[in-house]
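See below for the structure under consideration.
The values are calculated or read from the model by the stated rules, or taken from the named source; none is laboratory data. Note that this is a predicted model, so its numbers are computed, not measured. All Cβ positions, even for glycine, are placed from backbone atoms using ideal geometry, and neighbour counts span all protein chains on display.
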Ligand code: SF4
Ligand code: SF4
């Protein structure tokens, strides 16, 4: 059985709760979910970072279900911009990345970014003196 794990940013229309949708993902599509980050403001669009683990076919169906209910779904790595060309490997960002997505390679002393581990905490955005990160988790609508 081909089980895959994906980190997906969901954006909900105003006044829609995530709980019934999460329930459907688990019950009807057999998707294991882990909420890594959530921001919901009254009257505004809500954003959620979900780690979803399931067979690829179930994952595809679950995402199609969400999109049919006006929930935008996009892989987290598509929402992360990192200008690696300008990185000077100073290590500032690795000191704040508790998720372990940003690390210093002990051989090359270059900073390495594993987007698979990112939890969109955005701490690196301010930590980088060159402002090389942009994490698009929420929008202003
Ligand atoms: S947003 Fe930045 S600091 Fe936070 S987990 Fe992702 S890479 Fe690490
Ligand atoms: S803080 Fe900025 S310049 Fe320094 S290692 Fe991280 S990304 Fe590179």
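For the stretch 123-135, which positions are more than 10 Å from ligand 1 (Cβ to nearest atom) and surrounded by 16 or more Cβ atoms within 10 Å (Cβ to Cβ)?
Of everything in the stretch 123-135, just one residue is more than 10 Å from ligand 1 (Cβ to nearest atom) and surrounded by 16 or more Cβ atoms within 10 Å (Cβ to Cβ), namely 132.
Tell me, please, whether a residue that is in a helix (DSSP H, G or I), outside the structural domain of residue 123 (by TED's automatic domain parsing) and modelled with pLDDT of 95 or more can be found in the stretch 46-57.
Checked against the condition, which is being in a helix (DSSP H, G or I), outside the structural domain of residue 123 (by TED's automatic domain parsing) and modelled with pLDDT of 95 or more, the stretch 46-57 yields at least one hit.
To keep it simple, each residue is scored yes or no on (1) at pLDDT below 95; (2) within 30 Å of residue 23 (Cα to Cα); (3) assigned by TED's automatic domain parsing to the domain that holds residue 13; (4) within 15 Å of ligand 2 (Cβ to nearest atom).
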residue	(1), (2), (3), (4)
38	yes, yes, yes, no
62	no, yes, yes, no
82	no, no, no, yes
90	no, no, no, yes
95	no, no, no, yes
103	no, no, no, yes
110	no, no, no, yes
113	no, no, no, yes
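Under the condition of being part of a strand (DSSP E or B) and within 22 Å of residue 10 (Cα to Cα), which residue from the stretch 73-122 is farthest from ligand 1 (Cβ to nearest atom)?
Checking each candidate, the answer is 73.
Could you please let me know if residue 67 is loosely packed, with under 13 Cβ neighbours inside 10 Å and either assigned to a helix (DSSP H, G or I) or in contact (Cβ under 8 Å) with a residue 24 or more places away in the chain (or both)?
yes
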